[in-house]
Every structure is written in C-alpha cells, then in structure tokens.
Amino acid sequence: MSTSTRATRVAATRDAIITTAERLFAEHGVAAVSNRQISEAAGQGNNTAVGYHFGTKGDLVRAIVDRHLAPIEAARIERIAALPDEPGLRDWVECFVMPTMDHLGTLGERTWFARFAAQVLAEPSMREVIADQALDAPSLRQVTAGLDRCLPDLPADVLGERKEMVAQLAVVVPAVREARLAAGAPTARATWHEAGLGLVDAIVGLYEAESTEPRK
C-alpha cells in the first residue's frame with residue numbers, strides 16, 4: 001500500500017469516527033457513549049479504533065470542536081473586518097451569533113453540532129474542553145472587547161451576569177432548534193440565518209435591559 005493511499009484511508013477513518021461520535025454524543029450525551037460504541041457505529045472492525053486515532057475521549061471531543069470552529073472562526077474574522085468604523089452593540093452581537101448559526105445552515109438537513117455542544121457543556125469532565133477552545137479564539141476576544149466598549153455604563157457584576165446568560169442562550173437556543181428539526185417539529189424561523197437574527201434581537205435586548213437593584 002502506497003503512503004498516499006494509506007494516508008487517504010486514515011483520513012477517511014478519522015472522518016467517519018468524528019462524524020459518528022458527534023451524532024452519538026449529541027443524541028445520548030458524552031458520558032453515555034463509549035469508544036467501543038463509536039468504533040462499531042462508525043463501521044470499524046477494530047473496537048480500539050477511537051483510541052488508536054484520537055487517544056482519549058477528550059481528544060476526540062477536541063477534534064469534533066476543531067472541525068467546526070475553523071469555519072466559524074473564519075466567518076467571524078470576515079465579519080469583524082467588514083464592521084463600520086464605529087460598530088454598535090448589534091454589530092458586535094451579530095459577530096458573536098451569526099457565524100455559528102450560518103455555519104449550522106451549511107451542514108445540510110440533519111445536523112448534530114448544536115446538540116453536541118450543549119451535551120459537552122453539560123458534562124463537567126468535558127465542559128472546559130470546549131469552553132477553552134471556543135473562548136480562546138482570537139476573533140471572540142475581539143468581539144468581547146467590542147461588546148464591553150458598547151456597554152460602559154453597565155455595572156461590572158451585571159455585565160458579567162448577562163454575559164453568562166448570553167453564553168447559555170448561544171448554546172441552548174440552537175440546540176433546541178436543532179432538536180425540533182430532527183424531530184420534524186415546526187420552528188419559529190424557517191432558516192438558521194433567520195433564527196440567528198432572532199437570537200441577535202434577544203441578546204441585544206438582554207444587554208440593554210434595565211438593571212434592577214437587589215431588594216434589601
């Protein structure tokens with residue numbers, strides 16, 4: 001077997017494992033799926049194929065995240081480059097939300113990434129894997145700095161609280177939509193892009209909402 005042929009087969013095997021693992025993790029949760037189940041579902045005769053190609057389950061999760069973060073990061077960089085000289089709050093929120101939502105729209109009729117992300121973030125042993133990869137993206141750091149500049153009057157503790165809310169919305173809303181699509185249930189918006197715009201509206205409203213002082 002030539003070196004190029006072997007490399008092609010290895011790449012195809014890795015791709016099959018990544019695709020299968022993403023689906024199984026999305027549908028059943030990370031902890032509930034074993035490497036053996038992934039290997040079998042991916043059509044690998046060797047039940048240790050996941051360990052051979054990826055190492056640990058955490059390494060496999062990182063590979064799935066990397067597959068999606070690359071195009072999302074590229075799209076976000078493109079959006080940032082096209083911002084006006086003085087971008088407003090909505091401009092920065094769109095840079096945060098739309099690259100992911102538009103990416104989901106390119107994946108075909110059946111997608112699993114939104115539910116996969118929600119499952120990983122719900123799994124304590126894996127949460128930091130995806131959080132570190134996502135939050136470490138250079139474009140996302142730019143977006144965070146831009147949002148901060150647009151909200152100078154919001155108390156630091158309130159801003160931090162709302163950022164946590166926004167982070168939850170950015171994961172849960174796409175996952176719920178994806179689950180409804182998988183079940184053949186109706187959705188509020190016809191496309192992922194339209195759903196993204198609705199999510200942008202909600203997040204802008206959340207950031208701009210009044211801040212109520214705790215009752216004594």
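The values are calculated or read from the model by the stated rules, or taken from the named source; none is laboratory data. Computed from a predicted model, the values in this text were never measured in an experiment. Counting neighbours? That spans all protein chains shown, and the Cβs are built from the backbone with ideal geometry, glycine included. Each accessible area value is taken on the protein alone, full model and side chains, heavy atoms only, with ligands, DNA and RNA left out. Shrake-Rupley method; radii C 1.70, N 1.55, O 1.52, S 1.80 Å.
In segment 2-20 there is at least one residue that is part of a helix (DSSP H, G or I), closer than 30 Å to Leu140 by Cα and hydroxyl-bearing (Ser, Thr, Tyr). Could you grab me the full set of residues in segment 130-153 that are open to solvent by less than 50 Å² (accessible area, probe 1.4 Å) and at pLDDT below 90? Once the filter is applied, which keeps residues that are open to solvent by less than 50 Å² (accessible area, probe 1.4 Å) and at pLDDT below 90, segment 130-153 yields Ile130, Ala131, Gln133, Ala134, Ala137. Here is a check on your reading of the model: is Ala32 part of a helix (DSSP H, G or I), among the hydrophobic types (A, V, I, L, M, F, W, C) and modelled with pLDDT of 90 or more? Considered against the rule, which asks whether it is part of a helix (DSSP H, G or I), among the hydrophobic types (A, V, I, L, M, F, W, C) and modelled with pLDDT of 90 or more, Ala32 comes out as no. Taking segment 45-93 as the range and being open to solvent by less than 60 Å² (accessible area, probe 1.4 Å), part of a loop (DSSP other than H, G, I, E, B) and touching a Phe, Trp or Tyr at 6+ places or on another chain (Cβ under 9 Å) as the test, only Leu83 passes. Considered as a group, the residues in segment 194-209 that are under 17 Å from the mean Cα position of the chain (by Cα) and under 9 Å from Val173 (Cβ atoms) include one that is surrounded by the fewest Cβ atoms within 10 Å (Cβ to Cβ), and that residue is Ala195. Among the residues of segment 11-43, those that are of a type in the set (Ser, Thr, Tyr) and open to solvent by less than 20 Å² (accessible area, probe 1.4 Å) comprise Thr20, Ser39.
The rows are residues; the columns are (1) free of Cβ contacts under 8 Å to residues at least 60 places away in the same chain; (2) closer than 26 Å to Glu86 by Cβ; (3) not in a loop (DSSP other than H, G, I, E, B).
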{"residue": "Leu140", "(1), (2), (3)": "no, yes, yes"}
{"residue": "Leu147", "(1), (2), (3)": "no, yes, yes"}
{"residue": "Gln168", "(1), (2), (3)": "yes, no, yes"}
{"residue": "Val171", "(1), (2), (3)": "yes, no, yes"}
{"residue": "Arg177", "(1), (2), (3)": "no, no, yes"}
{"residue": "Gly184", "(1), (2), (3)": "yes, no, no"}
{"residue": "Leu199", "(1), (2), (3)": "no, yes, yes"}
{"residue": "Ile203", "(1), (2), (3)": "no, yes, yes"}
{"residue": "Tyr207", "(1), (2), (3)": "no, yes, yes"}
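If Arg127 meets every condition in (1) touching a residue at least 12 places away in the same chain (Cβ under 8 Å); (2) open to solvent by 50 Å² or more (accessible area, probe 1.4 Å); (3) farther than 15 Å from Phe96 by Cα; (4) outside any loop (DSSP other than H, G, I, E, B) apart from one, which number is that one? Going through the list (1) touching a residue at least 12 places away in the same chain (Cβ under 8 Å); (2) open to solvent by 50 Å² or more (accessible area, probe 1.4 Å); (3) farther than 15 Å from Phe96 by Cα; (4) outside any loop (DSSP other than H, G, I, E, B), Arg127 breaks only (1).
The test for being open to solvent by less than 20 Å² (accessible area, probe 1.4 Å) and at pLDDT below 95 holds for Val120. Considering segment 103-117, the residues that are open to solvent by 30 Å² or more (accessible area, probe 1.4 Å) and part of a helix (DSSP H, G or I) include one that is farthest from Ala74 (Cα to Cα), namely Arg115. Report yes if Arg149 is among the basic types (Lys, Arg) and in contact with a helix residue (DSSP H, G or I) (Cβ under 6 Å, 6 or more places away or on another chain), otherwise no. Here the answer is no, as Arg149 does not meet what is asked.
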